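The values are calculated or read from the model by the stated rules, or taken from the named source; none is laboratory data. For clarity, every value in this text was computed on a predicted model and none was experimentally measured. All Cβ positions, even for glycine, are placed from backbone atoms using ideal geometry, and neighbour counts span all protein chains on display.
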Amino acid sequence: MIKDADRDVRPDEELKADICIIGSGAAGISMAHRLLGSGKRIIVLESSQVNIRRFSFADQAAGFALSESPQIAEDNHRFTDPTVQPLYNGEVLNPRMRAIDPRFPIRSRIRCYGGTTNCWGGWTRSLSPIDFDRSDLDPKFVWPIHPDALDPYYKLAIVKYCSLGNWNAADYDNASYWVDKTIQSIAPFQFGPNSSLRTAVFSVMNGRGPGEDGALDFQLVWGKAIEPESVRDVIIYRNANARFIDWSGAKVDRIRATTVRKGVKGHDFTVKATRYVLAMGGIEIPRLLLVSKAGNSSGQVGANFMIHPVNERAATYSVLKAPDARVLNFYHYPGGTIRGEAFPPTVFATFSPTDAALKREHIGNFRALMNFRSGEVNFNWEQVPNPKSKIILGGPGPIFEDPGIKVDWNLTQLDYDTINKGLKMVGEELTALGYARNFQPTYRTDENSITNPGDHHMGATRMSAHSQDGVVDADCQSHDLKNLYIASCSVFPTGGVANPTLTIIALALRLADHLRRLPAE
């Protein structure tokens with residue numbers, strides 16, 4: 001069921017639960033749904049009071065007129081709560097990020113029921129197996145779980161929670177798998193046997209504009225199962241702003257939360273649970289831990305903050321040879337539509353490096369989105385973990401005057417090597433096979449290679465086998481606080497190049513099953 005904390009919780013009341021989930025985005029809602037029928041009492045804390053529908057780019061693409069959804073979307077957020085959204089404001093320290101996205105902390109996050117599923121484009125792809133172990137770059141660039149451990153949860157995320165289709169995570173690396181499954185004719189690019197490149201496939205969830213957006217907006221799809229009055233084991237408290245973690249020894253004692261009333265501070269209350277899950281996103285989770293001085297014996301909270309840098313027009317080239325232009329172009333841009341699904345997704349092919357090339361060139365992963373019509377390359381790449389790239393506390397914010405955040409984002413030479421060497425590989429391959437000439441990068445300096453910071457907030461509470469190297473273990477459990485867990489891409493030890501939401505959901509479902517098995521205390 002769903003309640004308003006300002007109306008339904010008394011001042012200074014202490015709520016009790018077996019599991020308290022803080023946040024209701026893709027991770028929080030998926031976990032709450034997965035825990036239905038577990039016999040455990042679940043409380044979900046959600047900051048916002050309302051979801052106000054906005055007119056977004058997705059609406060325009062679907063052909064809806066502005067008059068059908070009259071409020072213009074700020075930052076392309078399909079839903080918003082303007083009262084609490086300012087709590088996500090922050091300061092950007094890096095000059096390049098300030099130049100291209102000075103409002104990054106508030107533009108790329110939504111403090112709203114459904115979280116950033118209210119602004120994402122539904123791009124989905126699993127991490128590739130090599131993304132779990134980049135010890136060739138650094139011994140610490142390794143996940144403490146094997147990719148096989150996520151396979152059943154990727155499957156569940158793909159088939160059920162993202163409403164995509166009946167395929168497996170490994171199929172994203174199989175270019176030929178999709179050829180007979182789309183309405184349009186598609187054909188993969190034929191690389192030579194000694195090529196440094198391979199095909200990496202992405203899927204895009206189907207949106208339907210102002211109505212129900214397939215599974216884009218998770219609160220519209222999965223909220224229906226957990227919101228009714230008849231559902232007694234999950235209670236979602238809206239207008240419930242988690243502000244502090246009270247802890248002692250190796251255990252969280254309670255969460256302190258506050259409501260908002262007419263734009264100002266309302267009343268305080270607490271939640272006491274057996275176990276707690278932080279699912280508020282890759283920036284807000286480290287902020288809450290830092291404010292609470294909790295779970296940070298390693299000093300890793302906030303460190304190794306990663307995004308996926310983008311250059312929408314990283315290189316240009318003259319297209320020479322395209323005898324199979326129609327089917328080749330369609331697979332790579334804009335992609336083919338999967339037939340026979342309730343919410344038919346699109347799949348499209350990109351160029352990525354082979355495992356051997358990654359190790360030989362000593363670079364991070366990348367995907368080159370090829371437009372064989374215009375002769376342009378959209379390049380998105382992996383930022384490697386960097387202790388000097390951080391989320392740190394800033395000055396007091398609005399409403400509660402709690403510390404906000406500063407994004408001290410920093411890249412390394414290895415990050416620049418990834419785009420420089422990656423584009424070189426793509427250009428040489430196209431030229432050698434007779435598809436291009438005059439292949440040229442469009443930027444002059446490494447710093448200017450980034451035109452978009454990407455909206456994927458990874459790594460600032462990283463997963464590690466050893467407590468001194470990270471914040472959580474292989475079960476997403478805090479190394480320091482044994483009843484605290486994190487469900488977010490903030491736990492990613494490496495970012496790969498896949499959009500992170502599918503992996504976030506898979507990890508959240510895996511964590512939900514782990515918590516379901518744990519005995520009551």
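For the stretch 209-326, the helices (runs of 4 or more DSSP H) that sit wholly inside it and include 2 or more residues that are out of contact with any Lys or Arg (no Cβ under 8 Å at 6 or more places or on another chain) and either modelled with pLDDT of 95 or more or of a type in the set (V, I, T) (or both) are 284-292. Filtered by the rule that a residue be part of a helix (DSSP H, G or I) and either of a type outside the set (A, V, I, L, M, F, W, C) or farther than 17 Å from D173 by Cα (or both), the stretch 131-154 gives D131, P147, D148, A149, D151, P152, Y153, Y154. Cβ-Cβ distance below 7 Å, separation of 6 or more or different chains: which pairs start in the stretch 80-101 with a residue that is free of Cβ contacts under 8 Å to residues at least 40 places away in the same chain and end on one that is among the small types (G, A, S)? Sorted first by the residue in the stretch 80-101, then by its partner, the pairs are D81/S48.
Within the option set A474, A498, being of a type outside the set (S, T, N, Q), surrounded by fewer than 24 Cβ atoms within 10 Å (Cβ to Cβ) and part of a loop (DSSP other than H, G, I, E, B) holds for one residue only, A474.
Within the stretch 406-429, the residues that satisfy the criterion of being buried (at least 20 other Cβ atoms within 10 Å of the Cβ) and either of a type in the set (V, I, T) or at positive phi (or both) are V407, T418, I419, V426. State yes or no: is D173 in contact with a helix residue (DSSP H, G or I) (Cβ under 6 Å, 6 or more places away or on another chain) and either buried (at least 21 other Cβ atoms within 10 Å of the Cβ) or under 23 Å from P334 (Cβ atoms) (or both)? No; evaluated as a whole, the condition is false for this residue.
For the stretch 369-397, the candidate set comprises residues that are in contact with a His (Cβ under 7 Å, 6 or more places away or on another chain) and at pLDDT below 95; within that set, the residue that is nearest to T199 (Cα to Cα) is M370. Restricting attention to the stretch 450-464, does a residue exist that is surrounded by fewer than 20 Cβ atoms within 10 Å (Cβ to Cβ) and free of Cβ contacts under 8 Å to residues at least 24 places away in the same chain? Taking every residue of the stretch 450-464 in turn, none turns out to be surrounded by fewer than 20 Cβ atoms within 10 Å (Cβ to Cβ) and free of Cβ contacts under 8 Å to residues at least 24 places away in the same chain. Figure legend. Inter-residue proximity from the stretch 131-156: first residues under 17 Å from T412 (Cα atoms), second residues assigned to a helix (DSSP H, G or I), beta-carbon distance below 6 Å, spacing 6+ or different chains. Indicated pairs: D136/K359; K140/D469. Considering the conditions (1) of a type in the set (S, T, Y); (2) more than 28 Å from D469 (Cα to Cα); (3) out of contact with any Lys or Arg (no Cβ under 9 Å at 6 or more places or on another chain), S389 is excluded by exactly one of them, (2). The numbered conditions (1) among the hydrophobic types (A, V, I, L, M, F, W, C); (2) more than 21 Å from A17 (Cβ to Cβ); (3) crowded, with 21+ Cβ neighbours inside 10 Å are all true for F269 except (2). Scanning the stretch 365-402 for residues that are assigned to a strand (DSSP E or B) and of a type in the set (V, I, T) turns up V377, I391, I392. Of the candidates L150, L93, L164, L127, the single residue that is aliphatic (A, V, I, L, M) and under 30 Å from A432 (Cα atoms) is L127.
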